[in-house]
Structure formats: structure tokens, C-alpha cells
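Everything below concerns the one structure shown next.
The values are calculated or read from the model by the stated rules, or taken from the named source; none is laboratory data. Note that the coordinates shown come from a computational prediction; the quantities given were computed from them, not determined experimentally. Neighbour counts run over all protein chains shown; Cβ positions are idealised from the backbone, glycine included. The protein model used for the area step is the full one, side chains on, heavy atoms only, and it has no ligands, DNA or RNA in it. Shrake-Rupley method; radii C 1.70, N 1.55, O 1.52, S 1.80 Å.
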Amino acid sequence: MLNIIVFGAPGCGKGTQSERIVDHFGLHHISTGQLLRGHISRQTELGKVADSYISKGQLIPDDLMLDVLAAELDEHPAEIAKGVIFDGFPRTIPQAEALEQLFAKRGMTLGCVLGLEVPEEDLVQRIIKRGQETGRADDTPETIRARMAVYHSQTSPLCEYYKQRGQYRAIDGSRTPDEIFADIKSELEK
Ligand code: AP5
Ligand code: MG
């Protein structure tokens, strides 16, 4: 069972590459951002709370995020057993520690963390373009700035966390999606 984390700043290509990994390796994709946007569009209670953070580019609180993740894992036992791609989770050190405990409890192990590394100017351009094309609500210039700041202060320390554990694999995410996926494929086939 292959469980991996696709990691990186907003707009680095986590969702794009996760879809390719799903198609090729048949893993189950869990994007915490997508789960939260689903709650927002269904106007659930959780969605209302999530929206108040996402619209400002802030992270939703760790305990709430963990509840959402645990519920998602409970809901799809057969798919989870095939292996999971975690996209957008963990995003803080406490989330990474909680994931470790959750794995231990469920007899899951972490294969590796694929870190998609892209220069910040490129990230901002990609997200602005997507905002214009799809109207994703948090793809506005002001919110993008906040998301980048949150990434630097709360999420990027996870690079060091996983490097220390020998689990971080740096991937140059500034190339074409095909070139990036070719690297990911050879990394996962090792
Ligand atoms: P989330 O949905 O995870 O957003 P994000 O991390 O900001 O990342 P994006 O989805 O914007 O980008 P991506 O890396 O998936 O790139 P994509 O493939 O789409 O989270 C949203 C919010 O939810 C957070 O801000 C937070 O509030 C909350 N949240 C989520 N998880 C949380 C957690 N664990 N804890 C607390 N809060 C949480 O690509 C981006 C664009 O670039 C696309 O248009 C794509 O077509 C294009 N593109 C992709 N690859 C390339 C390429 N190689 N070259 C050129 N363009 C490319
Ligand atoms: Mg995404």
C-alpha cells in the first residue's frame, strides 16, 4: 500500500499532479482544500466556518481539519486500503504529528513526500490566471498574498521536518506537467 504526500506552496501543481498519480497508480486522492470547498458549496455548518478562514487565505484550525480528515478516511475504507495521496495535508507541524499517529493507529505507512518546488512569481501568475478562468473564490490577488505568507510561516517548516526523516523528495515543479509527472513516476516506481 503506497501512501504519499504531495506537498508545496499554493499553485505549485498539487492537484494537477495528484490527478495524474491517480490515473497511473490507482491511489485514492484526498485534497483537503477540495473537501472544504465541497462543504462550502453544500452550505454545511462546517462549510460556513471553513469559508470564514479560506476567504481570508488563512488555514482552518488543526483540530477541525483533523476531524474532517478522519471522517473522510472512515468513509472510504476500501479506497483507502489501495493507498492515499494526501494533497494539501499536512500543512502545519501539529498536522504532521497527528498524521503520524493516525497512520500508526490504522497500520498505514508513509512512502514519501513529493515536494513540488516552483518560484513564487510563477505561482502567483498561475493562480491569478486560474482565478480569471474558473472564478475560484480564494484566487484573488489579496488572498493569494495571504496564502503565500501562511505557506512561508506555517507550512514550509514541514520541508525540514520531512527532510530530517529522510522522506522528502524535491521535484522541480517549474517545468511542464508531463516533465514533472515523468520524475514523479520514476520516484514512485523506485
Ligand atoms: P488548497 O485547495 O489545498 O489550495 P492551495 O494549497 O492554495 O493550492 P491550489 O489548489 O491553489 O494549487 P495546487 O498546488 O493544487 O495547484 P494546481 O494543480 O491547482 O487549499 C485551499 C484553502 O483551504 C487553504 O488556503 C486553507 O484555507 C484551506 N485548507 C486546505 N487544506 C488545509 C489544511 N490541511 N489545514 C488547514 N486549512 C486547509 O495548479 C494551479 C494552477 O496552475 C492551475 O490552473 C493549473 O492548471 C496550473 N498548473 C499546474 N501545473 C502547472 C505547470 N507545470 N505549469 C504551468 N501551469 C500549471
Ligand atoms: Mg489544489
Using a 1.4 Å probe, what is the accessible area per residue for the chain, in Å²? 51 Å²
Which Rg and Dmax, in Å, describe the Cα atoms of the chain? 15.8, 43
In whole percent, how big is the carbon plus sulfur part of the accessible area of the chain, probe 1.4 Å, protein atoms only? 50 percent
Cα gyration tensor category, rounded, prolate or oblate, for region 80-142 with a/c compared to 1.5: prolate
Kirkwood Rh and Cα-based Rg: tell me the resulting Rg over Rh for region 1-98, rounded to two decimals. 0.95
If each DSSP helix of 4+ residues adds -39,500 (n - 2.57) and the sum is divided by the residues in the chain, what number results at 222 nm, nearest 500 deg cm²/dmol? -18000 deg cm²/dmol
For the chain, give the magnitude of the charge dipole about the Cα centre (Cβ charges: +1 Lys/Arg, -1 Asp/Glu; no others), in debye to the nearest 20. 20 debye
Select from Tyr162, Phe89, Thr143 the residue farthest towards the positive end of the dipole of region 63-176; place +1 on Cβ of Lys and Arg, -1 on Cβ of Asp and Glu, and compute about the Cα centre. Tyr162
Please go through the residue pairs Lys56/Lys105; Lys129/Lys190; Lys14/Lys82; Lys56/Lys190; Lys56/Lys185 and name each one whose alpha carbons sit more than 28 Å apart in this structure. Lys56/Lys105; Lys129/Lys190; Lys56/Lys190; Lys56/Lys185
Show me, bin by bin at 10 Å from 0, the whole-percent P(r) of region 127-190 based on Cα pairs. 18, 29, 39, 14, 0
